[in-house]
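Just below is one structure, and these are the notes that go with it.
The values are calculated or read from the model by the stated rules, or taken from the named source; none is laboratory data. Quick caveat: nothing in here was measured; it's all calculated off a predicted structure. Glycine also receives a Cβ, built like all others from the backbone with ideal geometry; neighbour counts cover every protein chain displayed. The protein model used for the area step is the full one, side chains on, heavy atoms only, and it has no ligands, DNA or RNA in it. Shrake-Rupley method; radii C 1.70, N 1.55, O 1.52, S 1.80 Å.
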Amino acid sequence: MGYLYALLTALLWGVAPLFGKLGLEEVDALAGMTLRTMVVGAVLLLFGGFTGRLANVTSIGLKSGLLIAAEGLLASLLGHLAYYQALKLGDASRVVPVTAAFPLVTVLMAILFLGEPLTWQRVLGAALVVGGVLLIKG
C-alpha cells in the first residue's frame, strides 16, 4: 500500500509544477507561496476539524514539535520559496528534476548524523540521481 501512495505522490508532484509555473507568470514567488500556504492551511484546518484529528496537535511533545517545526521551516518555507523562485525563473522541465535530487542530501545527512549505513545500493542510487540531473540540465 505504501508503494501505491508513493506512486500517487509522484503523479501529484509531477503535475503540480505545471500549475505553479503558469500561476507564477505574473506573480511574485513570495506572494504565490503565501497564497498556496494559506489555501493548504485552510484545507488542513477544515479536514482536521471535520475528522476530529486536529486535537492530536496538542498531544505533540516539545522535542517532536520543535523538530517538526524545524523541518517545516526548512522544507515548506525556505525550500519551497527557493523552489518557487527557481520555477518562476527557469524551465519547469529542468527545475523540477534538479530539485528532485534532494535525496542525495538526505542520504548523506542520514549517514553522517543518523548513523544509517552506507551501502552499495545507496551509492549506486545517488550516482543515478546525479547522472539524471546532469542529463536533464544539458
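Table for the structure above
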item	result
Normalised contact order of the range 8-138, rounded percent, pairs of Cα under 8 Å and 6 or more residues apart	30 percent
Test item: Cα-centred dipole of the chain, Lys/Arg +1 and Asp/Glu -1 on Cβ, debye	180 debye
Positive dipole terminus of the range 20-133, leading residue within T58, I68, G132 (C-beta point charges)	T58
Accessible carbon and sulfur surface of the chain relative to its total accessible area, %, 1.4 Å	76 percent
Whichever aspartates and glutamates have a C-alpha closer than 18 Å to that of K63, once near sequence neighbours (fewer than 8 apart) are set aside	E71
Among (i) 17.6, 49; (ii) 15.4, 46; (iii) 13.8, 40, the entry derived from the coordinates for Rg and Dmax of the Cα atoms in Å	(i)
Where the range 1-87 is the region considered: accessible area per residue in Å², 1.4 Å probe	78 Å²
Helix runs (DSSP H) in the chain reaching 24 Å along axis by Cα, Kyte-Doolittle at least 1.0	2-23, 29-51, 120-137
Amide H within-cut-off set for V27, under 5 Å, with H built and near neighbours excluded	none
Dipole axis of the chain (+1 Lys, Arg; -1 Asp, Glu on Cβ), positive-most option in A16, A29, G48	G48
